[in-house]
1. Fewest Cβ neighbours within 10 Å first, please rank 5, 103 accordingly.
2. Once both labels are modelled 7 Å past Cα along the beta-carbon direction, what's the residue 145-residue 29 spacing in nm?
3. Sequence gap at least 6, Cα distance under 8 Å: using those rules, report the relative contact order of the chain to the nearest whole percent.
4. Fewest to most neighbouring Cβ within 10 Å: what's the order for 104, 172?
5. Report the semi-axes of the equivalent ellipsoid for region 1-47 in whole Å, largest first, where each axis is √(5λ) for an eigenvalue λ of the Cα gyration tensor.
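The numbers here are math on the coordinates, done by the rules we state, and not lab data. This is a predicted model, so every value here is computed, not measured. Glycine also receives a Cβ, built like all others from the backbone with ideal geometry; neighbour counts cover every protein chain displayed.
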């Protein structure tokens, strides 16, 4: 028998899949219940509403992404440029490995849910990315642009490249990924 955390995880995983297929707001609870193989009452036992599921899914996905992309062993500032490039490549690879996550995050940030998150400390990557970019600016590695400019530039090309690969338009090689990460670095470094 599944324990509490396993059931909750099943609900979140199935919600992520259904959102990719039907859109953020196109998933009724009955569809989620059927897909997850649990009664609607079970879903409401763990979550107050569909909005609560979406917000918890956002937190779960954000934490998972953050853990994955900041997995670099050497965290010294001496290798800041290599860390920057590795984080870019790691995030690209994550979005290629988990296209459902990329779809969810794009939909989430194009929805009214963003305003809910915007008013809290739960901004997408806000903690790790802000810290990483801010420390790079303070140490003289990055140009001193606002954090939203730096993070938007960093994410823009990455998301387009991941979508190209996920949609079968181009399969990026390791050397191409390194080149793109270097281009990003060259544009933001001092």
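1. Values: 5 9, 103 20.
Fewest-to-most ranking of 5, 103: 5, 103.
2. 4.4
3. Value for the chain: 23 percent.
4. Details: 104 21, 172 18.
In order of increasing Cβ crowding within 10 Å: 172, 104.
5. Values: eigenvalues 66, 23, 13 Å².
They are 18, 11, 8 Å, listed from largest to smallest.
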